[in-house]
1. For region 95-106, how many residues meet the condition of being over 15 Å from the mean Cα position of the chain (by Cα) and either under 10 Å from THR135 (Cα atoms) or outside the structural domain of ASP121 (by TED's automatic domain parsing) (or both)?
2. Take the residues of region 138-196 that are among the acidic types (Asp, Glu) and in contact (Cβ under 8 Å) with a residue 60 or more places away in the chain: which is farthest from PRO10 (Cα to Cα)?
3. Using the structure shown, decide if ILE227 is out of contact with any strand residue (DSSP E or B) (no Cβ under 6 Å at 6 or more places or on another chain) and outside the structural domain of LEU54 (by TED's automatic domain parsing).
4. Are there any pairs with C-beta distances below 9 angstrom linking a residue in region 14-30 that is β-branched (Val, Ile, Thr) to a residue that is outside any helix (DSSP H, G or I) and at pLDDT 95 or above, with the two at least 6 apart or on different chains, and if so which?
5. Out of curiosity, is SER84 in contact with a strand residue (DSSP E or B) (Cβ under 8 Å, 6 or more places away or on another chain) and polar (S, T, N, Q)?
6. Residue check: is ILE17 at pLDDT 95 or above and under 29 Å from ARG336 (Cα atoms)?
7. Give me the pairs, please: first residue somewhere in region 329-340 and in contact (Cβ under 8 Å) with a residue 12 or more places away in the chain, second residue anywhere and in a strand (DSSP E or B) and among the aromatic types (Phe, Trp, Tyr), beta-carbon distance under 6 Å, and either six or more positions apart or on two chains.
8. Quick test for you: out of LYS22, LYS45, LYS41, LYS2, pick the one residue that is under 30 Å from LYS349 (Cα atoms), charged (D, E, K, R) and either at pLDDT below 95 or not in a loop (DSSP other than H, G, I, E, B) (or both).
Amino acid sequence: MKKIFFTPGPSQIFPTIPKHLKEALRKDILSLSHRSSRFKKIFYKTVDDLRQLLNIPKSHHIFFLSSGTEVMERVIENCVEKHSFHFVNGGFSQRFFETAIELKKVPFRHQVALGDGFDFDKVEINKKTELICVTQNETSTGVALDKKDIVLLKKNHPDKLLAVDIVSSAPYVNIDYSFADLVFFSVQKGFGLPAGLAVLIVSPEAIEKSKYLINKGVNVGSYHNFINLLKYADKGQTPETPNVLAIYLLGQVIKDMFKLGIRNIRKAIEKKANILYNFFEENNLYRPFIKQSRFRSKTVIVVEVKNGSSNIIKKLTNKGYIVGNGYQKFKDKQIRIANFPAHSLASVKQLLVYFKKYERQKNL
């Protein structure tokens, strides 16, 4: 039975991945030296195409790391001497906050209930803050923050660096990078690749902060500090032996996305999200976890299931449709459904056929 993964990461692979893997084997990409001219060409091409796909300005640098979790650590190390400020409303925004604590910083936190968004205008950010950290799309709860609010946050605090986690919303979310200093995502979600690669986009101001901390004698990490990453990126390389295959595959998927058109990809995600939310709003057995529609993620739809989610998840799995459990304390109460470019409209509609079938069985 062919399975379709609606899990929020790792998720369904992009449909062209098998073809690109075969081509990678044929071209000996898996044995390629990361110091070779061939790899440099792959590096530069992937960076240039990603810049075009996501409208990343030339002023911002692009680094390859191992995971979104690693990126959180590198961002705190390189941009915070003492104080960061974190908007927390779920497991991954909490992880960002805890990372700062583990690195012996003194972070501030504004926390709201799980499932809630933020009214940024009403939050007082401590004047000592050096870096503001925002999770634009909270994978654990399905809360998405409006990009306009994020822009306003930076406009209201131009003297502070702004980090934005788009791990589960890229490439759907259209970030204005002129109002963001550090933006990052992993490839195993919206780009439909195997896990093991993250992308960090860094402004000149964030680079300067790293230099400032180094000159002040602050520990900003070793081989993956921003200055070292930049030195190698300028040469089309990484400091260490990277996930060469993942960088190659990312480049190939980006080419495929060019063919589809990023606007078309975003419109398709919105269409599928509307179908999913409309269905769950109209059924007695299910209901969207996020009550305010303006905070509902288009890429991670979180649903509460009356009397628990375990049975429906098992039934869907038996049909080859793998959905995500609720996160942590919601494990047996909720279902998380990924809505990424790799998920076709037809597969979404078929998934809902099985949801409807289960609802009828419960009502008999």
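The values are calculated or read from the model by the stated rules, or taken from the named source; none is laboratory data. What you are looking at is a predicted structure, and each value in this text was computed from that prediction instead of being measured. Cβ atoms come from the backbone with ideal geometry, glycine included; neighbour counts cover every protein chain shown.
1. Of the residues in that region, 0 qualify.
2. ASP181
3. No: the conditions fail for ILE227.
4. Final answer for the pair search is THR16/GLY192; ILE17/GLY192; ILE17/LEU193; ILE17/PRO194; ILE17/ALA342.
5. yes
6. In short, yes.
7. ILE337/PHE6; ALA338/PHE6
8. Values: LYS22 fails: under 30 Å from LYS349 (Cα atoms); LYS45 fails: under 30 Å from LYS349 (Cα atoms); LYS41 fails: under 30 Å from LYS349 (Cα atoms).
Going through LYS22, LYS45, LYS41, LYS2 in turn, the sole match is LYS2.
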